[in-house]
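The values are calculated or read from the model by the stated rules, or taken from the named source; none is laboratory data. All of these numbers come straight from a predicted model, not from anything done at the bench. Here the Cβ is made from the backbone with ideal geometry for all residues, glycine too, and neighbour counts use every protein chain on show. Side chains are part of the model used for accessible areas, which takes the heavy atoms of the whole protein and leaves out ligands, DNA and RNA. Shrake-Rupley method; radii C 1.70, N 1.55, O 1.52, S 1.80 Å.
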Amino acid sequence: MEEYYLICEDSLEGIFTGIYDAYLKKKPHGQIHLSLGEDENYRLFAAYESCQPDEQKAARVAATIIREFGKETYLAICRALASEKPDKGEAVYKTVVTGLSMKDKRDIMGNLANPYIHRVFELARFTANEAHYHVEFLRFKELENKILYASMGPKNNVITFIVPHFADRLPLENFVIHDEVRNIFALHPARRDWYLVSGEEKDWRTEHTFSEGEKMYSELFSSFFHTIAIKERNNYGLQRNMLPIRYRRYMTEFQENSSI
Amino acid sequence: MEKDLMIHGKENMPLMEKLKILADAAKYDVSCSSSGVGRRGDGTGIGNTLSAGICHSFGADGRCISLLKILFTNECIYDCKYCINRKSNDVPRATFTPDEICELTIQFYRRNYIEGLFLSSGIVYSPTYTMELIYEAVHKLRTLYRFQGYIHVKAIPGADPQLIQRLGLLADRMSVNLELPTAEGLKRLAPNKHRKNILSPMRQIQQGITQNKNEIVVYKHAPSFVPAGQSTQMIVGATQESDYQVMMVAENLYKKFELKRVYYSAFVNVNQDRELPALPGGPPLLREHRLYQADWLLRFYGFEAGELLSEQKPNFNVLLDPKADWALRHLELFPVEINRADYRMILRVPGIGVKSAQRIVRARRNGNLNFEDLKRIGVTLKRALYFITCNGKMMYPTKMDEDYITRNLIDRKEKLPFDRDGMTYKQLSLFDDSEECLWKNII
Ligand code: SF4
């Protein structure tokens, strides 16, 4: 039995296109797999094909997902596809296949006994958790020109899930969020919509001079942070569980010289 | 004139020093939650709120830092024996100006350090006078600074009810501290406070909330009154009450005063007062933890205080969480069949949290679940296995014997004794739903 591997670009569009092409094959879905980029261990009896991301194909898959499974599930799938894990394409593809054969399609994500659906659920949760961590722990610093600037280093591609939160709460601020891993920037001009640009287009990092207030407020907050803990209750283990070490290098209160 | 002196006497103290003094003085208030109200920004100011609340940092004690928790002033005319700010203590005193409070809140908020402000105060001159100061600061923050994030303020017992009413229209959450579980304890340790004075603003806020909900039904844009509800806290371990008494008080507060949250604060002996227990082992943190677990059972698991404890068994088991403890005393109800038992019963199984229970009920619609499925769903099987069957079978053949199961439930790496630093609350949080981060929601 021949196995087909469709190699997709690692993006929403790329993977949705892959799903579209998988259906075009008109072969049993058990024989078709989505994979991202090149597979290191080539299988001898498998056929490899690469899919070109196609906006229209992707849009049709997205529309089907929303129509059949509802917006919530669509969002969960988007989160799963923002994951860093390479099996996400396959999991989403097989989830769509399983879901379309279910009686109650709207309840697809409740079907956790299915391993693919469970995997999508799990990947979506990883992304959601990490996005939430950034909503909690992201720190802005004020630049000389009053722009608020934040850097982060997320494992999953969370930026589009967190910017709306900050845009809603800081509508009158100019702010920038930089994903250092992917080198993408979210830019929010005061009173206007935010947008993404990739790092090649604009290098903001060269422009860092912090405002005067920045030094003062970062010191005030660091001092507050240390003061508010009750020493009779010290519990570094608990602190580590709640605030994983890897976020700390971006956080004002954990930076030695908190302003510069 | 005299009043002015009292408040503005130390105005030229540097902000850094004030913040240190007034955060240090506020830290024993345990509530730091920013939950209970979801409100989007309206585009004209700064801030919004999320109904689940957001923690922004975690201090060395592992407690969540969500709000800028400060006192307006740590001057106080009262002399509560357990309080660091009491009149008879010789500690540095400081007082903020309303503008300082507003600036700190806004500047911290913009940088995503905090979700908002928690403002409490020592009592200067009189409760009403103190409330006026708080009102002035909060009013300024809401109107002049257009702050739409979270605000939690203390209602000071004995203050003019009109002021409480007005403040309630600006704040998201209000709280009046019960301080101690019983009136006798209060009388002994906080001689200037009276139970009645504490309960009456609590009642007023409750009624205000109810009335406001009705108004909002009629006039959609009626301003909201304390939309995130009210909370309170009591100190445990400073007086002699049993866990049973504490839980009965909490249950009453939930039922009769419709509180959103009751906080329990393990007594920290800051004053070494002769009237107070010395606590050589540090604050009673494990006891506090058990109380929080039980509190969750009341709020989310459908338990009543009387099911967990009684006059005959007035204190929680040190070795077992209250849910496992309850299950072991009711082995006749187990094992339950996962594919058929109703939601409320599944919720009572040790090793199954609220989210897992919901997922089970949802997932079993697509066919019978087995143990592998339960594991995927997030059930902690090593705890649940004594209490459940899947399709009529237990996971392993197991004796339904109290001692045997107890030994197995305790004998894990989470083994006590409780170590203040090495052991984490997460390991100890025995509700076992991996998603349910107990402490995040508690503090
Ligand atoms: S009223 Fe009592 S508890 Fe409150 S600050 Fe004054 S002394 Fe402390």
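For a quick check, take a GNM of chain B with Cα springs below 10 Å and name the residue from B:Pro181, B:Pro335, B:Pro227 with the largest mean-square fluctuation.
Checking each option, the largest mean-square fluctuation is seen for B:Pro335.
Going down the table (B:Lys355/B:Lys393; B:Lys220/B:Lys255; A:Lys231/B:Lys196), which pairs top 25 Å between alpha carbons?
Working: B:Lys355/B:Lys393 23 Å; B:Lys220/B:Lys255 27 Å; A:Lys231/B:Lys196 33 Å.
Result: B:Lys220/B:Lys255; A:Lys231/B:Lys196 exceed 25 Å.
So for the stretch A:138-254, averaging the separation of alpha carbon pairs under 8 Å that are six or more residues apart and normalising by length, what relative contact order in percent results?
Numbers: 133 pairs, mean separation 29.1, N = 117.
So the answer I get is 25 percent.
Rounded to the nearest 0.05, what FRET efficiency do A:Lys215 and B:Tyr343 give with R0 = 56 Å and r taken as the Cβ-Cβ distance? Could you check?
0.55
Work through the residues other than A:Glu13 whose Cβ is under 9 Å from its Cβ and net out their charges, Lys, Arg +1 and Asp, Glu -1. Walk me through the intermediate numbers first.
On the way: positive: A:Lys57; negative: A:Glu9, A:Asp54, A:Glu55.
Overall, the nearby charge balance is -2.
Counting Lys and Arg as +1 and Asp and Glu as -1, each charge on the Cβ, what is the dipole of the protein assembly as shown about the Cα centre in debye, to the nearest 20? Walk me through the numbers on the way to the answer.
On the way: 95 positive and 90 negative charges, 331 e Å.
So the dipole magnitude of the protein assembly as shown works out to roughly 1600 debye.
Counting only protein heavy atoms and a 1.4 Å probe, tell me what percentage of chain A's accessible area is made up of carbon and sulfur.
Details: 6270 of 12200 Å².
Of all accessible area on chain A, carbon and sulfur atoms account for 51 percent.
Could you please tell me the mean projected area of the C-alpha convex hull for the protein assembly as shown, averaged over all directions and given in square nanometres to one decimal?
Working: hull surface 137.9 nm².
The orientation-averaged projected area of the Cα hull of the protein assembly as shown comes to 34.5 nm².
Given points 7 Å out from each Cα along the Cα-Cβ axis, report the B:Asp273 to B:Glu332 separation in nanometres with one decimal.
Roughly 4.7 nm, to one decimal.
Only four residue types carry charge here, +1 at the Cβ of Lys and Arg and -1 at the Cβ of Asp and Glu. Report the dipole size of the stretch A:138-254 about the Cα centre in Debye, rounded to the nearest 20. Don't skip to the end; give the middle numbers.
Working: 17 positive and 16 negative charges, 110 e Å.
With only Lys, Arg, Asp and Glu charged at Cβ, the dipole is about 520 debye.
A:Arg43: accessible area at probe 1.4 Å, nearest 10 Å²?
110 Å²
Go ahead and run the numbers for FRET between B:Val361 and A:Arg67, Cβ-Cβ distance against an R0 of 30 Å, rounding to 0.05.
On the way: r = 26 Å, r/R0 = 0.88.
For R0 = 30 Å, the calculated efficiency reads 0.70.
If you restrict to DSSP beta bridges whose two residues both lie in the protein assembly as shown, what percentage is antiparallel, to the nearest 5?
Working: 17 of 56 bridges.
Rounded to the nearest five, the antiparallel share is 30 percent.
Set Lys and Arg Cβ to +1 and Asp and Glu Cβ to -1, take the dipole of the stretch B:2-283 about its Cα centre, and tell me which of B:Tyr82, B:Gly229, B:Thr105 lies farthest positive.
Toward the positive end, the furthest listed residue is B:Gly229.
Across peptide B:20-27, how many C-beta atoms of other chains are within 10 Å of each residue C-beta, on average? Don't skip to the end; give the middle numbers.
Numbers: counts 5, 1, 2, 7, 5, 1, 2, 6.
Counting other chains' Cβ atoms within 10 Å and averaging over B:20-27 gives 4.
Can you give me the distance in nm between label points at B:Asp79 and B:Ile410, each placed 7 Å from the Cα along the Cα-to-Cβ direction?
Roughly 4.6 nm, to one decimal.
Please list B:His221, A:His178, B:His330 from largest to smallest accessible area, probe radius 1.4 Å, with all protein chains kept in place. Write down the numbers at each step before the final one.
Details: B:His221 160, A:His178 0, B:His330 45 Å².
Heavy-atom accessible area, descending, gives B:His221, B:His330, A:His178.
I'd like the Kirkwood hydrodynamic radius of chain B, using the inverse of the mean 1/r over distinct C-alpha pairs, in Å. Walk me through the numbers on the way to the answer.
Details: mean 1/r = 0.0425 Å⁻¹.
It works out to 23.5 Å.
Under the rule of -39500 (n - 2.57) per DSSP H run of 4 or more residues, summed and divided by the residues of chain B, what mean residue ellipticity at 222 nm is obtained, to the nearest 500 deg cm²/dmol?
Numbers: 18 runs with 171 residues, N = 443.
Result for chain B, helices only: -11000 deg cm²/dmol.
Could you put B:Arg299, B:Arg340 in order of accessible surface area, largest first, with the 1.4 Å probe and the full protein assembly present? Don't skip to the end; give the middle numbers.
Values: B:Arg299 65, B:Arg340 175 Å².
Listed by decreasing accessible area, they come as B:Arg340, B:Arg299.
What FRET efficiency do you get for B:Thr398 and B:Leu169 if R0 is 45 Å and r is their Cβ-Cβ distance, rounded to the nearest 0.05?
0.20
Looking only at B:Leu333, B:Leu309, B:Leu199, which one moves most when chain B is put into a Gaussian network model with springs between Cα atoms under 10 Å?
B:Leu333
Mind giving me the nanometre distance, one decimal, between the label points for A:Arg248 and A:Glu84, set 7 Å out from Cα along Cα→Cβ?
Calculated label separation equals 1.9 nm.
Can you tell which of B:Arg261, B:Arg188, B:Arg348 shows the greatest fluctuation in a Gaussian network model of chain B with Cα springs below 10 Å?
Of B:Arg261, B:Arg188, B:Arg348, the Gaussian network model singles out B:Arg188 as fluctuating most.
I'd like the accessible area for B:Met395: 1.4 Å probe, protein heavy atoms, all chains in place, Å² to the nearest 10.
Accessible area, nearest 10 Å²: 60 Å².
Picking from A:Ile66, A:Ala167, A:Met216, whose Cα lies most toward the positive end of the charge dipole for chain A (charges on Cβ: Lys, Arg +1; Asp, Glu -1)?
Going by the Cα projections, it comes out as A:Ile66.
A 23 angstrom limit on the alpha carbon distance is what I want to check against. Which of A:Lys88/B:Lys375; A:Lys71/B:Lys213; B:Lys154/B:Lys323; B:Lys154/B:Lys213 exceed it?
Numbers: A:Lys88/B:Lys375 21 Å; A:Lys71/B:Lys213 30 Å; B:Lys154/B:Lys323 33 Å; B:Lys154/B:Lys213 21 Å.
Over 23 Å apart, Cα to Cα: A:Lys71/B:Lys213; B:Lys154/B:Lys323.
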